[in-house]
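Only one structure is covered here, and it is reproduced in the block below.
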Amino acid sequence: MADSAPPNPVVVVGIDLGALTTKITLGPTHDHELVRNAHGGHTTATAVTFAGKHRARLLGEDAAEISRADGNTVGMLDRLLKDSSSGGDADDSDDALAAFQRFQLTTTSNGQEENKVFIPSMNEEYSTTALGAMLLGRVKRNVIATIDRLDGKKDDNKNGPNLQFVFAIPPSYPQSTRDSLMDAAYAASIPNSCVVDSTRCMAAVYQRKFGDIVLENDKKANVVMVVEMGHARSCVSILKQQQQQQIPKNEMETGDESGEVSATGSTSSKVEVISTISSPTLGASLIDVALFHHFLSTHPSLSHHTPESFKANTRPAQRLLEGCRKLKHLLSMLPENTVIVENIGKNEGDVSLSCSREMLKQLCQESVIEKLKGMIELAIEKAGGKDALGDIDSVEITGGGSRIPMVQEAIRNAIGVEEDFVFSRSLDDTSLAFGASLIGTPDKEGDDTPEAALDANRAAHRAQLLEMEMAMSQLDVQLMQKDEIRNQIEAHILELRSARHSKHGSLLPSTEEFTSYLDGTDDWLFSEECDEATLEQMEEKWNSVQSKTQDMCGEFLAAKRAEIEEKDREMEKEAQLAAAERQAEAAMNGGDEEAEDHDTRRLPTKRRMEIVMKNKNEANELFSDGNYRHAAARYAKALTHCTKFFDLNPEEEEEVKQVKLSLHLNIALMYIKLEKLDNAKQSCDDALKLDAASVKALYRRATVLYNKRKFDDAIKDLNEAETLAPEDKAVKKLRRLVDQQIAKLKKKEKAMAKKMFG
């Protein structure tokens, strides 16, 4: 009998599940590396988006931005797990953020059932624990991808590495929330998990950073206050750093007859938590809410709104709240500032919001400043009072809210120090996750209830959650495969449409049958039949499209393939020659292969164009795979190479101009796919500078303007596009959509006027 493979070592994963983003840190086996998301960022959005029954779930960093989301996106998942937004130590009022949620949360009164969220696009309700499991499934995949990257290999174990998730949670979280989080982790196939209080995590990080420091002036202890203010929660902790002296190992073995610690002993300190006060509702978001209500009640351009027409969970209100958030950030850097919020004023006009730090302080005096000062006073009192505690030696501030000047002023006032008192920032925004990965080493005792100790109902509930999440994950895989095929078909049709004026464009058929087939395939891609198609049917459709287009334009496709193969051979030859040149140059420079900056070489026009087209073709492939972000980057790289041509003749200049135009249009399309509308508009503007009569550029800019609800500007572009291409179906379709929105606005304005003036 063959020996079984040894079990994988445990990889500890520290997790700070925040309101907006989740921070994740690997444990000591991977030097506490931050976990990257699928886009390369170091945080994962705490959100889930349902794009519809025929689309895969968008989890974590793929979810829609909360400020632009609808009822199909559930954000701030940490606050939805049972009663996590209640039960704090501080005197909290009702949750001010609840009114701004666009999703439909169903609360329960008996405490036995879970809260649920209704998702319109799915026509289904999901428990908040199930939603948490969806997010943690994405977190787990990001963790495994990071481990694979660091280890330089893919884990062969079908279940991946042996992970232990350790969640840093606020002390205010009740047991029901902790249980929900553990159930969610189990449903995400992470049975080995536990929770630890966030204050212990902060103390662990402080111990790690400063445990070896000798206290000054023969002090036996330092008192450290940690003030954390995040987006929607705050915590004030008081730590005591106690001086200790360790006897060297050789003296411990031989003993010391005096019984006293040797003066040569190594000195260290131990950090312990002596008090903590937390609030699950006090956070920097309350400043956004205060600004929101101030402008809504006082701004002349918003006076036409009523409570019914401007509810907090409507899209215009979300835009106003997002504008207030931006203004708050600007006021952290400058004493006064202004932001523009689009389409929320009278007649869909833009609104200018201005505020100063002094005004902001007045608006937030009661809702933020006094509450924070009260938390600090309670923490000091809980630690024995100022007399027993003595001087506070250091104040650590962390979290986004702690960067706001009036918050820092409130902290100074609460502890009675001068304006020039300097805060320490040794604990950054990843400290909770880092601390959790320190505490949750495999030899530490976990906080999760062992599976065998669960009651029958909870065990059955866990099993049901696990089964549901596994089924949805499998469906996501199939739907993503469908989307990949859809993108391949779309890219193929797009290539054939745009190839008419290319080198081999004359080989394409000019028949009505060919044009109708391309139009019909385009229409099918956006039809209900396509949405309802199974993976097998999508594969059959893609095979059919390839076969049909091969029959209709085989000469073009063969010429295209031959051209690509020839270019690949030429580029391979060029690469070999370049490598030989670099080696020769390195030999001349004493072995320094970096002596030449290849980005500034004056390459022949043909060679430079090959590099441009290679990047463009790679971007096309990325687009076909649905990798829009990287495709945009590759198109941009091709565009950069377009700036490095020199001594062009008129024909070459025109060729480069057309390539640049195509690249700007493709970049605009990628940004539209990524919902980066401002970037998309800039790319369209750049394209129109090259060719003011580009119908495609006018159409794409009109698409951007339509999504930004600038309908009048969209109409201008569509009018021009219709003049240039009266029969363009895409332009006509977009024109109908814009006209419909304008008609709705006029109907709404008429109703409001009738209500106001009778």
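Measuring only protein heavy atoms, the 1.4 Å probe finds D476 accessible over about 20 Å².
Across L465, L363, the residue with the most accessible area heads the list, and the full order at a 1.4 Å probe is L363, L465. Of the GluC sites (Glu not before Pro) found in the stretch 669-722, those in coil by DSSP whose Cβ has at most 15 other Cβ atoms within 10 Å are E675. Compute the separation of the alpha-carbon centres of the stretch 695-750 and the stretch 53-69 and state it in Å as a whole number. Between the Cα centres of the stretch 695-750 and the stretch 53-69 lies a distance of 26 Å.
Using the Cβ of R403 as centre and a radius below 11 Å, the other residues enclosed give a net charge of +1, where K and R count +1 and D and E count -1. Residue order by solvent-accessible surface for H304, H641, H501, H630 is H501, H630, H304, H641, largest first, with ligands and nucleic acids left out and a 1.4 Å probe.
Taking 30 Å as the limit for the C-alpha separation, the pairs K23/K220; K560/K681; K541/K689; K614/K696; K573/K676; K482/K616 exceed it in the case of K23/K220; K560/K681; K541/K689; K573/K676.
Going by the alpha-carbon gyration tensor, a ≥ b ≥ c the square roots of its eigenvalues, is the stretch 351-491 rounded (a/c under 1.5) or, if a/c is not under 1.5, prolate (a/b greater than b/c) versus oblate? Cα axes put the stretch 351-491 in the oblate bin. Which residues among the stretch 546-566 fall inside the zone where the amide N is under 16 Å from a point 7 Å beyond the Cα of E621, along Cα→Cβ? Correct set: 561-566. A Förster radius of 35 Å, combined with the Cβ-Cβ distance separating A38 from K220, puts the computed FRET efficiency at roughly 0.10. Counting only protein heavy atoms and using a 1.4 Å probe, the accessible area of D393 comes to about 70 Å². Among 699-705, 366-372, 433-439, 380-386, sorting by the average number of other beta carbon atoms lying within 10 angstrom of each residue, highest first, gives 433-439, 699-705, 366-372, 380-386.
Distant-in-sequence amide contacts of A47, defined by a placed amide H-H separation under 5 Å and a gap of 5 or more residues or a different chain, comprise G60.
The values are calculated or read from the model by the stated rules, or taken from the named source; none is laboratory data. These numbers come from a predicted model, not from an experiment. Reconstructed Cβ throughout: ideal geometry from the backbone, glycine too, with neighbour counts over all protein chains shown. We work out accessible area using only protein heavy atoms, side chains counted, and drop any ligands, DNA or RNA first. Shrake-Rupley method; radii C 1.70, N 1.55, O 1.52, S 1.80 Å.
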